[in-house]
1. Indicate the gyration tensor shape class of region 185-303 (rounded, prolate or oblate), computed on the Cα atoms with a ≥ b ≥ c the square roots of the eigenvalues: a/c under 1.5 is rounded; otherwise a/b larger than b/c is prolate and the rest oblate.
2. Could you please state, rounded to a whole Å, how far the C-alpha centre of region 235-303 is from the C-alpha centre of region 1-74?
3. Could you state the angle between the C-alpha long axis of helix 246-273 and the longest principal axis of the C-alpha atoms of the chain, as a value from 0 to 90 degrees rounded to the nearest 10?
4. Helix 3-16 sits at what angle to the longest principal axis of the chain, using alpha carbons and giving 0 to 90 degrees rounded to 10?
5. So with the 1.4 Å probe, I'd like the accessible area per residue for region 126-262, rounded to whole Å².
6. [x] 70, 44, 33; [y] 90, 59, 34; [z] 59, 40, 36: which one is Cα extents along the principal axes in Å as calculated from this entry?
7. Number of Lys-Lys pairs in the chain under 30 Å by Cα, sequence gap 8 or more or different chains?
8. Could you look at the chain and say what percent of its accessible area is carbon and sulfur, using a 1.4 Å probe and all protein chains?
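The values are calculated or read from the model by the stated rules, or taken from the named source; none is laboratory data. In this text, all values refer to a predicted model and were calculated from it rather than measured experimentally. Counting neighbours? That spans all protein chains shown, and the Cβs are built from the backbone with ideal geometry, glycine included. These area figures cover heavy atoms from the full protein model, side chains too; ligands, DNA and RNA do not enter into them. Shrake-Rupley method; radii C 1.70, N 1.55, O 1.52, S 1.80 Å.
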Amino acid sequence: MTVLQAIILGLVQGLTEFIPVSSTAHLVLASRLVGLFAEVDPTLRAEQTTATIAVVQLGTLLAVLTYFARDIVHITRAFVGDHLALLRRQFATPHEPVANAPGSDKTLSRDAWLGWLVIIGSVPVAVVGLLFKHQIEGTLTKNLWIIATMMIVIAVLLALAEAISKKTRGMAELGIGDALAVGFAQVLALIPGSSRSGSTIMAGLFAGETRETAARFSFLLSMPAIAASGLLELKEAMHKLPDGSFLPLLIATVVSGVVGYASIWFLLRFLRTHSTTVFIVYRLIVGGLILAALATGYITAST
């Protein structure tokens, strides 16, 4: 991978990871356009591309960690502090029942509860990701027929969510149902073309969340998934990627982090006053163009 290829991939990753247009779809397309690992056989190329994408995602992980640093500190402090307080209270009065109603002085605070929701919502993608790791790394998930189809499918579902969602529930009203809905929707992101943010924001809207709440919870939920995927692939990338890949990977990761931070800032402010229509239309257009190019033989489904 050259420095120019690294910069392009970093820009694409940073621009598309948090905006609901599918970063994987754009990275697969970009990697083909710049000829990334073009000299190796298709199976190894697919594995090397997957490893590169996962490592570059660590840049956008740093972006979301930086942007939500204050939230993360509050959630972590409340999670640890509230559970220690509950344990102390239980041991001090072992026969006293512990209330579970929100707002009780014996239950978790909203920040601590949000920590549990992030954990619960991360379980589905962790389980499915590990079970189907081989398939995710293979050539099937780089197939443009699948990518184009999922671009359109999620666009239609996102449009439906926009149409029927009440959009009234904020962060303080999130519950286990939201964590499960958004968590299972995040599994869709394992299929290229779906978009992690697109799938999870869609689920949040179906659950009646406001657009900004759906996006904010989506970003918080993305941290464990991106971290696990990136760190796991980072270890394997050392063996799969050719010599001399460290510097280009570092450049791509830094670029994706800087651009990713700006993307988070933009999307959260955009969704306060706008719908996701522009992203829906974009997905439909790009998905349709890819299908047309495939049908006419202008491009091939895989390399």
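1. Values: a/c = 1.91, a/b = 1.20, b/c = 1.59.
Here region 185-303 falls in the oblate category.
2. Spelled out, the Cα-based centre of one part sits 7 Å from the other.
3. Tilt relative to the chain: about 60 degrees.
4. Roughly 40 degrees, rounded to the nearest 10.
5. Details: 5860 Å² over 137 residues.
Here the residues of region 126-262 average 43 Å² of exposed surface.
6. Matching entry in [x] 70, 44, 33; [y] 90, 59, 34; [z] 59, 40, 36: [x].
7. Values: LYS133/LYS142; LYS133/LYS235; LYS133/LYS240; LYS142/LYS235; LYS142/LYS240.
Step by step, the pairs that qualify in the chain add up to 5.
8. On the way: 10010 of 14210 Å².
Here carbon and sulfur together make up 70 percent of the probe-accessible area.
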